[in-house]
Structures are given as structure tokens and as C-alpha cells.
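Here is the structure we will look at.
The values are calculated or read from the model by the stated rules, or taken from the named source; none is laboratory data. Nothing here was measured: the structure is a model prediction, and the numbers come from that model. Ideal geometry is used to build each Cβ from the backbone, glycine not excepted, and the neighbour counts take in all protein chains shown.
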Amino acid sequence: MKVTSKKSVNTIAYKNYKEDYNKLAEKVLLELNSTGYVVIKNFEERTNLEETKAKFLELSKIIGTPIGHDVNNKIIWDIKYNSTSNSFIKTYSEHSHEAELHTDSQYSKYPEDYFNLLTLKKANCGGGISYILKLEDILKDLRGLKKGKEIESILRETNYPFIVPNVFKKDKSNKPSFNFGPILRDNEIRFRIDTFEKAIKLKPNLVTEEQITAYNELKTIILNNSETESFYLEEGDLIFINNKTTLHGRSLFTDEKRHLLRIRLNKIPHN
Ligand SMILES: [Fe+2]
């Protein structure tokens, strides 16, 4: 992945807001809707996992409505290397190789609006770098292409198949299940290379040649974008990401002790 952006990481110092979660939530929401992500530095002391989780959930609940991760509706999800998962379609939170830029839950009917990650234990192997890329920067490049308009309308107006990872499937059989939807909508992208490419490998007839061409153009723009930001998430960093307007990724890591927590959130409707 080409990463050359010199932008500095968008951060908030937790210590300035820890007494006022409403003010912190307001600031986070402002950043989610402008920059697309923000990192809260030094979130809590993290000496007691249960207390840390409670504060993590308390803040998250002011920012959005937490939604379950799996059939058991688990709200706080552990992200660590899972050597016991043998599923054919592993999700990125289960493995440790490179996770190319993507949005989460692109295979679901309504991907979550936001999600966050709290780093409890970072990878001590030099890997596990985070990547961030904004939809706005992708569209700028796409619209600069000669056939940009045509490609954009295919990505907006046709349905693409996404294969559902086994861990999130309701039906636990090995039969693949798909969800369909456009890659682009207004102020929204759903994108993940492996769930789409695995789907068309299994069922090539699910898409037309034009759709494949449009997808490949988009993929090239995403993987070679000079606006991609990269940074390490340090222990105590709590990152919030707008899952509709921002792609995220992670480089390979070998330290199996790396441990993050994640909560998925939907927008709280305002009347
Ligand atoms: Fe992800």
C-alpha cells in the first residue's frame, strides 16, 4: 500500500475532557462528521479491565447507539489473533496479516455509522500500523479519470455482492451467503476487497464485466492513494471512525498479544 500523506494525526487529549463526557462526545461527533476519525489519547488508566470497559461503554453510548457484533449481540468485541478460527472466510479481527483499506460490515444490510477501537495492548513487532483514507479523497481521484463519471454511476447504481464472514453468519453451515448493494451512495462507501472478490470467485455471474472494470478502477485508486494517512495506535489510544465516509486498514503484525476492543455504533437520531 502506498502511504505518503504527511498529515498529522487528528487527536484529542482525554485528560482535558475526562470530567465532561458530554463535551467530549460533542467534540468526537464534530470530528467524525468533518475529518472522519479522531484519536482520544490516554483513555483511562486501564489497570482494571472491567472499569475500563465500563467507561468505554459509557462514553460510546453518548456518541451513538451501540449495536451487537454477532448473533449473541455482543457489544464489546475483542480484537486479537485467533489461531483457533478455521473458518473459510475469516474476518479481519480474527487474523494478523495485512487488512487492506476497507469499511466494516459492508456485507450487512445497514453497515454501522461509526465504530471505535481501544488499544489495550499494541503489537510490539513494529507491525499493526493503522491506515485511514477519506471517501472525499477517493472521489476526487475517481472524478479526475477520463471515464470517471461513467465508473461512478456504475458504482452507485448497480448492486455488488459481498460475502458474509462465517463468524457473523446466522446460518452456521458452510454454504456461502451474500448481501447485495451499491459500493457508493451519497456520502457513503462500502468496500472490502476480499469479501467482494471471494463472492465473484464463487459466483462469477453475480456481476457484469462493466461492474468488474469499475471496481478495479476504484481498487487502484484506493490502494495507491497519496492521501492515505498512517500511524500507530498506542496503548490507551481510543480511535473513533466514521464507517460511512472513511476507510481503514492495518498492516501485518506478528505479536499475538496485540489486543484491542471495539464497539459499533449507529447515529442517535435527533429530532
Ligand atoms: Fe475493519
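Annotations for the structure displayed:
- Test result for residue 47, modelled with pLDDT of 95 or more and of a type in the set (Ser, Thr, Tyr): no
- Of all the numbered requirements in (1) within 13 Å of the ligand (Cβ to nearest atom); (2) buried (at least 18 other Cβ atoms within 10 Å of the Cβ), residue 118 misses one, and that requirement is (1).
- Selection status of residue 175, over 26 Å from residue 35 (Cβ atoms) and not in a helix (DSSP H, G or I): yes
- Any pair with Cβ under 7 angstrom, 6 or more apart, that starts in region 26-46 at a residue that is at positive phi and ends at one that is surrounded by fewer than 16 Cβ atoms within 10 Å (Cβ to Cβ): 42/15
- Residue check, residue 107 in contact with a strand residue (DSSP E or B) (Cβ under 6 Å, 6 or more places away or on another chain), among the aromatic types (Phe, Trp, Tyr), within 16 Å of the ligand (Cβ to nearest atom) and not in a strand (DSSP E or B): yes
- Within region 198-226, the residues that satisfy the criterion of being among the β-branched types (Val, Ile, Thr) and either within 22 Å of residue 135 (Cβ to Cβ) or modelled with pLDDT under 95 (or both) are 200, 207, 212, 213, 220, 221, 222.
- Residues that are within 16 Å of the ligand (Cβ to nearest atom) and under 30 Å from residue 158 (Cα atoms) within region 241-271 comprise 241, 242, 243, 244, 245, 246, 247, 248, 249, 250, 264, 265, listed in sequence order.
- Test: residue in region 137-160 that is more than 16 Å from the ligand (Cβ to nearest atom), touching a residue at least 40 places away in the same chain (Cβ under 8 Å) and over 26 Å from residue 208 (Cα atoms): yes
- Of the strands (runs of 3 or more DSSP E) lying entirely inside region 7-80, those carrying at least 2 residues that are under 26 Å from residue 110 (Cβ atoms) and within 19 Å of the chain's Cα centre (by Cα) are 37-41, 65-67, 77-79.
- Extreme residue, nearest to the ligand (Cβ to nearest atom), among residues of region 52-102 that are touching a Gly at 6+ places or on another chain (Cβ under 7 Å) and either at pLDDT below 85 or closer than 17 Å to residue 264 by Cα (or both): 102
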